[in-house]
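For reference, the structure is listed below as C-alpha cells.
The values are calculated or read from the model by the stated rules, or taken from the named source; none is laboratory data. A quick note: this is a predicted structure, and the numbers were derived from the prediction, not measured. Here the Cβ is made from the backbone with ideal geometry for all residues, glycine too, and neighbour counts use every protein chain on show. Areas reflect the complete protein model, heavy atoms only, side chains present, ligands, DNA and RNA absent. Shrake-Rupley method; radii C 1.70, N 1.55, O 1.52, S 1.80 Å.
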Amino acid sequence: MQERIKLIEAAWQDRTLLQNTVVQEAVFQTVEDLDKGVLRVAEPNANQSDNATSEWTVHEWIKKAVILYFPLRKMETIECPPFEFHDKIPLKKNYAELGVRVVPHAIARHGAFINKDVVMMPSYVNIGAYVDSGTMVDTWATVGSCAQIGKHVHLSGGVGVGGVLEPVQAAPVIIEDGAFIGSRCILVEGVRVGKEAVLGANVTITGSSKIIDVTKQEPVTYRGYVPPRSVVIPGSYTKKFPAGKYNVPCALIIGQRSASTDLKTSLNEALRQNDVAV
C-alpha cells in the first residue's frame, strides 16, 4: 500500500506521470478498492467517542487518486435502454450480488461503496462515497463524492449531502450510525452528524453554521458538528450588519433522543415529543 501511495502522491505533483502504466494501475486499483469498500476516504479513529473532539481520519491520498482517475478515463456512452448516458465513470453494477435494493431510477457511480441491505429509492450516490449497511437513501436524496454515511441511517426525500474532492485536505460530510435526516435537509462543507441524531425537515448546516443547543438555561453553540442523539430543527438568530439587524439562519438543538435500545421507538418518541417535521 505504501508503494501505491507514493505513486499517487508523485503523480499528484507531476501529472505527466499519469502516462506511466504502473501509476495508472495504482489509481485504478484505488478506485476499485473504494467501490468494494476495501478503502474509504475517511474512517473513525479507534478511540472515537461521543463528543466534539472525536476525530475521523481523512485519507487525502485517496481523494487525490479519485481526482486523477478522471483524466485517465475517456468519455463513453452508457446505454440503459431506453435511457442513455455519456460520461467518464461507469455505473455501479451487480446489486443483487451485493444485497442492495435499487429502485428505478436510482444511480450510483463506480467507486462508491454501497453495503448490504441498503435501499436506494430514486436517488444518486457519487464516486468515493461510503454508504453502510441498512441505510435508506430515499427519493431524490443525493450523496455527494466521498461522503460517509453510517449504518441504519435514514436520508429522507430530497436530502442533499454535499460532496468534497477539492481541496483535498477538506473533510467530507459524515453522518454516523442511526441518524435520521429529515426531508430537504442540506449538509455540506465537512459537517459531521453524531450517532442517532434527528434532523427535522429543511435543516441546513454548513461548516460555519451555528448549531445552538437551547435546552439549558444558557445556549451552547457548535459549528459543523451535531452531537449524538440531538433533535435539531431550523432556526435563526439576529445579527447586526452595517445596514441594520437581520435574522440569520441557524440550527437549534431542542431536545435529545433517548438512548433506548429500540431505535425505532426512540425515534418516534423524539419526533412526537419535540413536534419535529420530517
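Could you grab me the full set of residues in the stretch 64-108 that are of a type in the set (D, E, K, R) and touching a residue at least 60 places away in the same chain (Cβ under 8 Å)? Steps first, please.
First, the residues of the stretch 64-108 that are of a type in the set (D, E, K, R): 64, 73-74, 76, 79, 84, 87-88, 92-93, 97, 101.
Once the filter is applied, which keeps residues that are of a type in the set (D, E, K, R) and touching a residue at least 60 places away in the same chain (Cβ under 8 Å), the stretch 64-108 yields only 64.
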Flag if residue 22 is more than 30 Å from residue 220 (Cα to Cα), surrounded by 13 or more Cβ atoms within 10 Å (Cβ to Cβ) and of a type in the set (Val, Ile, Thr): no
Number of the exception - residue 197 against (1) at pLDDT 95 or above; (2) small (Gly, Ala, Ser); (3) open to solvent by less than 60 Å² (accessible area, probe 1.4 Å); (4) farther than 17 Å from residue 174 by Cα: (4)
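Can we say residue 107 is farther than 17 Å from residue 165 by Cα and surrounded by 15 or more Cβ atoms within 10 Å (Cβ to Cβ)? Even if it seems obvious, please write down each step before you answer.
Details: farther than 17 Å from residue 165 by Cα: yes; surrounded by 15 or more Cβ atoms within 10 Å (Cβ to Cβ): yes.
Spelling it out, residue 107 is indeed farther than 17 Å from residue 165 by Cα and surrounded by 15 or more Cβ atoms within 10 Å (Cβ to Cβ).
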Which numbered condition residue 275 misses (of (1) at pLDDT 95 or above; (2) open to solvent by 50 Å² or more (accessible area, probe 1.4 Å); (3) at positive phi): (1)
Filter result (touching a Cys at 6+ places or on another chain (Cβ under 9 Å), closer than 17 Å to residue 108 by Cβ and part of a loop (DSSP other than H, G, I, E, B)) within the stretch 130-176: 159, 163, 165, 172, 173
Per-region count, the stretch 130-164, residues closer than 18 Å to residue 180 by Cα and open to solvent by less than 30 Å² (accessible area, probe 1.4 Å): 23
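Please indicate, with yes or no, whether at least one residue in the stretch 58-76 is over 26 Å from residue 15 (Cβ atoms), of a type in the set (D, E, K, R) and open to solvent by 20 Å² or more (accessible area, probe 1.4 Å). Spell out the reasoning first.
As a first pass, look at the stretch 58-76 and keep what is over 26 Å from residue 15 (Cβ atoms): none.
No, that holds for no residue.
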Meets criteria (within 29 Å of residue 271 (Cβ to Cβ), open to solvent by less than 10 Å² (accessible area, probe 1.4 Å), of a type in the set (Gly, Ala, Ser) and at pLDDT 95 or above) for residue 112: no
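Part of a loop (DSSP other than H, G, I, E, B), open to solvent by 40 Å² or more (accessible area, probe 1.4 Å) and closer than 28 Å to residue 166 by Cβ: does that describe residue 93? Outline the logic, then answer.
On the way: part of a loop (DSSP other than H, G, I, E, B): yes; open to solvent by 40 Å² or more (accessible area, probe 1.4 Å): yes; closer than 28 Å to residue 166 by Cβ: yes.
In short, yes.
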Number of the condition not met by residue 168 [criteria: (1) at pLDDT 95 or above; (2) under 27 Å from residue 31 (Cα atoms)]: (1)
Identity of the residue in the stretch 33-62, in contact with a Gly (Cβ under 7 Å, 6 or more places away or on another chain) and of a type outside the set (Val, Ile, Thr), that ends up modelled with the lowest pLDDT: 50
Evaluation of residue 188 against (1) surrounded by 20 or more Cβ atoms within 10 Å (Cβ to Cβ); (2) modelled with pLDDT of 95 or more; (3) not small (Gly, Ala, Ser) (one fails), failing number: (1)
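So that you can scan it fast, the table gives a plain yes or no per residue for (1) closer than 27 Å to residue 43 by Cα; (2) modelled with pLDDT under 95; (3) among the basic types (Lys, Arg):
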{"site": "201", "(1), (2), (3)": "no, no, no"}
{"site": "205", "(1), (2), (3)": "yes, no, no"}
{"site": "227", "(1), (2), (3)": "yes, no, no"}
{"site": "256", "(1), (2), (3)": "yes, yes, no"}
{"site": "260", "(1), (2), (3)": "yes, yes, no"}
Residues being open to solvent by 60 Å² or more (accessible area, probe 1.4 Å) and under 17 Å from residue 278 (Cα atoms) - total across the stretch 200-231: 3
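Has the stretch 99-109 got at least one residue that is out of contact with any helix residue (DSSP H, G or I) (no Cβ under 7 Å at 6 or more places or on another chain), at pLDDT 95 or above and closer than 19 Å to residue 173 by Cα? It would help to see each step written out before you state the result.
Step one: list which residues in the stretch 99-109 are out of contact with any helix residue (DSSP H, G or I) (no Cβ under 7 Å at 6 or more places or on another chain), which gives 99-101, 103-109.
Checking which are at pLDDT 95 or above leaves us with 99-101, 103, 106-109.
With closer than 19 Å to residue 173 by Cα added as a condition, the list becomes 108-109.
Checking the stretch 99-109: at least one residue is out of contact with any helix residue (DSSP H, G or I) (no Cβ under 7 Å at 6 or more places or on another chain), at pLDDT 95 or above and closer than 19 Å to residue 173 by Cα.
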Some residue of the stretch 262-272 being modelled with pLDDT of 95 or more, open to solvent by 20 Å² or more (accessible area, probe 1.4 Å) and either over 21 Å from residue 141 (Cβ atoms) or not small (Gly, Ala, Ser) (or both): no
Tally, over the stretch 231-258, of residues that are in a strand (DSSP E or B) and in contact with a helix residue (DSSP H, G or I) (Cβ under 8 Å, 6 or more places away or on another chain): 3
